[in-house]
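Please read the structure below before turning to the comments.
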Amino acid sequence: MSTEKEGQGRPQERPVPAPPAVAPDEPAHPAASAPPIPPGAPVAGAPAPGVPAPPTAPLPALPGAPASAGPAGPPPADPPTGTFGGPVGPPAAPPDAPWAAFPTAGPPKKRRGGLIAAVLAATLLAGGVGGGVGYLVADRDGTVTSATASGAGEGTVARAPESVAGIAEAALPSVVTIEAQSTTEGGTGTGFVYDEDGHILTNNHVVASAADGGTLTVTFSDGASYEAEVVGRAEGYDVAVLRLLDAGDRDLQPLPVGDSDAVAVGDATIAIGAPFGLSGTVTTGIVSAKNRPVASSDGQGGNASYMSALQTDASINPGNSGGPLLNGDGEVIGVNSAIQSTPGSGMGQSQAGSIGLGFAIPINQAQRVAQDLIDSGQPVYAIIGASVEMRGDTPGARISENAPAGEEAVTPGGPAAGAGLRAGDVITRFGDRVIDSGPTLISEIWTYKPGDTVEVTYQRDGREHTAEIVLDQRVGDA
């Protein structure tokens, strides 16, 4: 069994087949084999039948997902996790069915994922059709002509500001298409203006491939393009902040930000992005669920990422990654990051696409992470100082009794040790959230800030206990 420990290095990646047809409680996407314990984890849901229990691993190790160039979609995710475009499930054993991933440039790389113990594995939606400004449209006579993808038409009839059309018209000028290019791969994703200083908020997996030595190009809805640089990346949260270079006197209009904690299931949602390179695409839906544990991995050797996500049925596809999820008032409530796909939608024959199960990072969390990145260039993670099993045959997150060589399952002097927790204890509730797996615990821990005091419920020798833990911190993804 493998474990994940907080503050530890990247988890080992395991191929995980795609989750079966949509299940009532989608499991969260797979988590890397040895992430640090602090985090909460994958999407809620019990382990899928026939799915091996997830290995143990130190809580959160974070994954990033480079987008590959070319017509392929976002980078394939490795474990059952992923951002836009793959199965969703916890970092548990791989499901029986292969999961879809978005191929990258060159020989398409595939991501695999599937339903895993109580967590949902999602695929990264990082690279749409490279470039994303033009696409081909077949006329009725069968001929193919070139057209441009534009979300804002000219000469359209005025619409009420509170209508979907009115909200889209106001938001589109602040949503950008991001092209990431390294020496070997590239891809297309989405982002949006975060502040008037030229900062752009997006997903880490959208820019990871170009973070070291690559190039990043940001294109606005009016066609103006600018080079950009990475200010900071958080693999575990799947958040990244860019800064525009030479934007000159461009009038940057940050999108208004809402309160993701105040969202209710059934609230209207609007997603804007560049699916498959089609910039300025607007889709609508509702908030389908809240606090959905989702774990994802890019399959490129990066760390696993975890989120307690907002689930929406608004159509999102490869290339939508990093784009805004808006509420009915036109405020950002989430950053689109992953989707659940049907089994076998990858396998190099087709790209995963929307089936109405999309996941977004709550904006309250994304804002906190973005500010840390702007202030110091480094992400800050809350941790409990323990390693938990990522696979298990009992509900809850079990503190590992077999920590990695040279490690202790419970860090001496750490938060868990101070609260009296020991190896073998099974955490069943963290704050007001029921914990059904290691990945779920990780994703939930990461919704808090270092220094927060949280009540924890755990079982030991068949008896239930409660204790208060004061969260510590880990800085950086290494």
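The values are calculated or read from the model by the stated rules, or taken from the named source; none is laboratory data. Just so you know, these numbers come straight off a predicted model, no measurement behind them. Heads up, the Cβs are rebuilt from the backbone with ideal geometry, glycines too, and the neighbour counts pull from every protein chain shown. Side chains included, ligands, DNA and RNA excluded: accessible areas come from the protein's heavy atoms. Shrake-Rupley method; radii C 1.70, N 1.55, O 1.52, S 1.80 Å.
Where strands (runs of 3 or more DSSP E) sit wholly within region 371-441, those with at least 1 residues that are polar (S, T, N, Q), under 22 Å from D452 (Cβ atoms) and open to solvent by 10 Å² or more (accessible area, probe 1.4 Å) occupy 426-430. Of the residues T143, T190, the single one that is at negative phi and modelled with pLDDT of 95 or more is T190. Within region 452-473, being in a strand (DSSP E or B), closer than 11 Å to I383 by Cα and open to solvent by less than 80 Å² (accessible area, probe 1.4 Å) holds for I469, D472.
Scan (1) outside any strand (DSSP E or B); (2) over 24 Å from the mean Cα position of the chain (by Cα) for the single condition K449 breaks and write down its number. Condition not satisfied by K449: (2). Residue under question is V287, and the condition is that it be open to solvent by 10 Å² or more (accessible area, probe 1.4 Å) and among the aliphatic types (A, V, I, L, M); does it hold? Here the answer is no, as V287 does not meet what is asked. When region 246-273 is filtered for residues that are at pLDDT 95 or above and hydrophobic (A, V, I, L, M, F, W, C), the ones remaining, listed by number, are L252, L255, V257, A262, V263, A264, V265, A268, I270, A271, I272.
Listed by first and then second residue, the pairs with beta-carbon distance under 8 Å, at least 6 apart or on different chains, first residue in region 362-384 and closer than 10 Å to V239 by Cα, second surrounded by fewer than 17 Cβ atoms within 10 Å (Cβ to Cβ), are Q367/V257; P379/V475; P379/G476. If you scan region 174-189, which residues turn out to be farther than 14 Å from V332 by Cα and not aliphatic (A, V, I, L, M)? T177, E179, Q181, S182, T183, T184, E185, G186, G187, T188, G189, listed by residue number. Is region 188-195 home to any residue that is surrounded by fewer than 20 Cβ atoms within 10 Å (Cβ to Cβ) and not β-branched (V, I, T)? Yes. Before we move on, is V206 open to solvent by less than 10 Å² (accessible area, probe 1.4 Å), of a type outside the set (G, A, S) and part of a helix (DSSP H, G or I)? Spelling it out, V206 is indeed open to solvent by less than 10 Å² (accessible area, probe 1.4 Å), of a type outside the set (G, A, S) and part of a helix (DSSP H, G or I). Among the residues making up region 209-219, those that are within 23 Å of the chain's Cα centre (by Cα) and either open to solvent by 30 Å² or more (accessible area, probe 1.4 Å) or farther than 8 Å from S182 by Cα (or both) are A211, D212, T215, L216, T217, V218, T219.
Selection of region 155-187 for residues being open to solvent by less than 20 Å² (accessible area, probe 1.4 Å), among the aliphatic types (A, V, I, L, M) and not in a helix (DSSP H, G or I) yields V175, V176, I178, A180.
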